[in-house]
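All remarks here apply to the structure that follows.
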Amino acid sequence: MDMETIRELQAYGYFFFTVFLVLILYGYVYHLYKSEKIGRRNYEKYADIALNDDITDAPVEKIEPIEEQKQKEEQ
Amino acid sequence: MQSSNVINYDYSVAKLFSYAAILFGIIGMGIGVFIAYQMAFPELNYLAGEYGTFSRLRPLHTSGVIFGFMLSGIFATWYYVGQRVLKVSVAESPFLMFIGKLHFWLYMVVMLVAVVSLFAGVSTSKEYAELEWPLDIGVVVVWVLWGVHMFGLIGIRREKTLYISVWYYIATFLGVAMLYLFNNMEVPTYFVAGMGKWYHSVSMYAGTNDALVQWWYGHNAVAFIFTVAIIAQIYYFLPKESGQPVYSYKLSLLSFWGLMFVYLWAGGHHLIYSTVPDWMQTMGSIFSIVLILPSWGSAINMLLTMKGEWGQLKENPLIKFMVLASTFYMFSTIEGPIQSIKSVNALAHFTDWIPGHVHDGTLGWVGFMTMAAMYHMAPRMFKRELYSKKLMESQFWIQTTGIVLYFSSMWIAGITQGMMWRATDQFGNLSYSFIDTVTVLIPYYVIRATGGLLYLIGFFIFTYNFYKTMTASKAIENEPQHASPMAA
Ligand code: HEM
Ligand SMILES: [Fe+2]
């Protein structure tokens, strides 16, 4: 392959890669807003994790520690 | 007193690392001020034989502030923030408690040996990676222990979603693990070729490849320690101290992935007009410009978190420290991209403008955030109010003045230096010899060193305030929800 062809391929590669990255970026932004719109997730409520962080505060989204889960299953 | 079956957060490891941050802060910044005066007054190089020379002390300064002060601050905040945002106490797991303490003590041992070895002049001569191979192994063990603690705590959490700060701590852990391993691949010369002492080594990479790996490491150390781990802190401490939720949680996620992706490609800006391939330099330059976006994304998110609450800036010096920190973060992340433009870098590289840039980031952003975090943690860790608001105010202004003196003098010095190096007469002969630039710069070196001294004085005020908070301040009954209580 001569240098000219290589350069041309590089330019195409560069262009499409840039388009690809831009799509990913905007795709992610779209995903974030869409998720909130259809109620799949409310991202902004996670900000409360820092504000209500006392050990006695209720978690924003609870997860049962595995052991507690096991105990429940046994009961 | 609470009954024994109520769980509480356990801050024992956070306290230990806070003490370490103060200790290494004093040592690292103290040496920094001293070597700054050496540049203004070269006679200061001859006070303690080989041990007192600039070349011996410089890696002690950088390692002391980076791996001593800043890293201890990062660890201290992890052992504090981690529990709180995951809503689980380390006290619930004796194993993790043990790992945390082991992490601290091994870290201290490695640091101690590191300080001794650097004083003795044992060095791989790689910037920010000077430690020889036996110590590198120690560093790896310390790092793995931190990871065990981090993922162990995540494993027993009650809060399902990992708060954004935890993402940043994880990125710090993974990023540095990768960087450190690859940059410190070294050949122990004694065992391979019977040359040198048993602890000596040479890099596994040679020439341009070594430079590439070195700056892939150096640049991304800035990414994953100086940036990511400090953002982890501000995303927790600023909202918590001000009582304001993060302005946009979605923006915090977007900037997280933006930083992760873009930072890794920008390292070429350290090697502009060197022997690395031209396309890499161009790539580094372009990605550095793009890097403004995710960097400012985080910083603006922080400033907007204070929207409608700017009154707090007047009342609460802690907020002041953190707002100034994010402002300096914006400052260094616009200055860096400017220096990455090839023609600007041709002037700026090797000059004093670079340490000027470095210290906008480290003193303004990293230092202020670390101290603000420790001020916020102190009343909660020691169940006492902060000892003196007045001292905090004076510390703030003394240190801010110090930073301004630092960067303004280094800008002038750097640009003067760069212009003098390239100046030619009408026949194309260089107009100045190297020593001409040195003599011209001495006044600026004096100003810089004095700026550093002011910052160090501020750090002593901080230390005193912290110590008094621990020992002599008024006890508080309940943990403060938001603003840290402080005596006038
Ligand atoms: C968008 C963000 C940034 C960009 C594009 C950037 C760019 C640069 C450039 C071009 C250099 C000088 C290379 C040379 O000519 O020698 C440099 C050096 C440096 N920067 Fe930044 N910078 C950024 C942010 C930061 C921040 C936030 C910090 C610290 C908190 C920092 C710490 C450093 C350090 C320590 C060096 C010195 C490396 C050496 O030893 O030569 N940078 N940066
Ligand atoms: Fe860099």
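Structure notes:
- The residue list B:GLY49, B:GLY28, B:GLY73 contains one member that is more than 14 Å from every other protein chain (Cβ to nearest Cβ) and touching a His at 6+ places or on another chain (Cβ under 7 Å), which is B:GLY28.
- Members of the stretch B:203-220 found to be free of Cβ contacts under 8 Å to residues at least 60 places away in the same chain and touching a helix residue (DSSP H, G or I) at 6+ places or on another chain (Cβ under 7 Å), listed by number: B:TYR205, B:VAL213, B:TRP215, B:TRP216, B:HIS219, B:ASN220
- Total residues in the stretch A:19-37, condition of a type in the set (Phe, Trp, Tyr) and within 9 Å of chain B (Cβ to nearest Cβ): 2
- Restricting attention to the stretch B:156-172, the residues that are surrounded by fewer than 22 Cβ atoms within 10 Å (Cβ to Cβ) and either outside any loop (DSSP other than H, G, I, E, B) or in contact (Cβ under 8 Å) with a residue 24 or more places away in the chain (or both) total 7.
- Residues of the stretch B:60-94 that are among the basic types (Lys, Arg) and either under 15 Å from the mean Cα position of the chain (by Cα) or part of a helix (DSSP H, G or I) (or both): B:ARG84 alone.
- Test for B:VAL148: is it over 19 Å from B:MET70 (Cα atoms), away from chain A (no Cβ under 14 Å), in contact with a helix residue (DSSP H, G or I) (Cβ under 7 Å, 6 or more places away or on another chain) and surrounded by fewer than 17 Cβ atoms within 10 Å (Cβ to Cβ): yes
- Failed condition for B:THR62, given (1) surrounded by fewer than 17 Cβ atoms within 10 Å (Cβ to Cβ); (2) closer than 24 Å to B:VAL213 by Cα; (3) touching a residue at least 40 places away in the same chain (Cβ under 8 Å); (4) of a type in the set (Ser, Thr, Tyr): (1)
- Tally, over the stretch B:262-290, of residues that are under 21 Å from the mean Cα position of the chain (by Cα) and either away from ligand 2 (no atom under 14 Å from the Cβ) or within 14 Å of chain A (Cβ to nearest Cβ) (or both): 3
- Unique match (being within 14 Å of another protein chain (Cβ to nearest Cβ), over 25 Å from the mean Cα position of the chain (by Cα), within 30 Å of B:LEU86 (Cα to Cα) and not small (Gly, Ala, Ser)) among B:PRO294, B:PRO245: B:PRO245
Residues checked against (1) within 16 Å of ligand 2 (Cβ to nearest atom); (2) farther than 25 Å from B:TYR273 by Cα:
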residue	(1), (2)
B:VAL176	yes, yes
B:TYR190	no, yes
B:TRP198	no, yes
B:VAL202	no, yes
B:ALA206	no, no
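- Inspection of the stretch B:232-255 finds no residue satisfying the criterion of being buried (at least 17 other Cβ atoms within 10 Å of the Cβ), over 26 Å from B:TYR375 (Cα atoms) and within 13 Å of ligand 2 (Cβ to nearest atom).
- Residue in the stretch A:32-44 that is without any contact (Cβ under 8 Å) to a residue 60 or more places away in the chain, in contact with a Pro (Cβ under 9 Å, 6 or more places away or on another chain) and not β-branched (Val, Ile, Thr) present: yes
- Residue count for the stretch B:370-392, restricted to those that are surrounded by fewer than 24 Cβ atoms within 10 Å (Cβ to Cβ) and of a type in the set (Phe, Trp, Tyr): 2
- Single unsatisfied condition, B:GLU315 versus (1) more than 23 Å from B:TRP296 (Cβ to Cβ); (2) more than 14 Å from chain A (Cβ to nearest Cβ); (3) modelled with pLDDT of 95 or more; (4) more than 10 Å from ligand 1 (Cβ to nearest atom): (3)
- Looking only at the stretch A:39-53, and only at residues there that are in a loop (DSSP other than H, G, I, E, B) and surrounded by 13 or more Cβ atoms within 10 Å (Cβ to Cβ), the one that is nearest to the other protein chains (Cβ to nearest Cβ): A:ASP53
- Residue in the stretch B:265-288 that is closer than 30 Å to B:ALA373 by Cα, out of contact with any Gly (no Cβ under 8 Å at 6 or more places or on another chain) and either in contact (Cβ under 8 Å) with a residue 24 or more places away in the chain or away from ligand 1 (no atom under 16 Å from the Cβ) (or both) present: no
- In the set (1) small (Gly, Ala, Ser); (2) free of Cβ contacts under 8 Å to residues at least 12 places away in the same chain; (3) within 10 Å of ligand 1 (Cβ to nearest atom), the condition left unmet by B:SER340 is number (2).
- Residue check, B:SER332 within 8 Å of ligand 1 (Cβ to nearest atom) and either of a type outside the set (A, V, I, L, M, F, W, C) or crowded, with 18+ Cβ neighbours inside 10 Å (or both): yes
- Selected residue (criterion: surrounded by the most Cβ atoms within 10 Å (Cβ to Cβ)) from residues of the stretch B:89-111 that are over 13 Å from B:ALA20 (Cα atoms) and hydroxyl-bearing (Ser, Thr, Tyr): B:SER89
- Taken over the stretch B:396-417, the criterion of being closer than 16 Å to B:ALA372 by Cβ and either surrounded by 23 or more Cβ atoms within 10 Å (Cβ to Cβ) or modelled with pLDDT under 95 (or both) is satisfied by B:GLN399, B:ILE403.
- Count - residues of the stretch B:181-225 that are within 16 Å of ligand 1 (Cβ to nearest atom) and under 30 Å from B:GLY73 (Cα atoms): 16
- Considering the stretch B:43-59, and only residues there that are assigned to a helix (DSSP H, G or I) and touching a residue at least 40 places away in the same chain (Cβ under 8 Å), the residue that is nearest to B:ILE27 (Cα to Cα) turns out to be B:PRO59.
The values are calculated or read from the model by the stated rules, or taken from the named source; none is laboratory data. Note that the coordinates shown come from a computational prediction; the quantities given were computed from them, not determined experimentally. Using ideal geometry, Cβ is built from the backbone for each residue, glycine included, and neighbour counts are taken over all protein chains shown.
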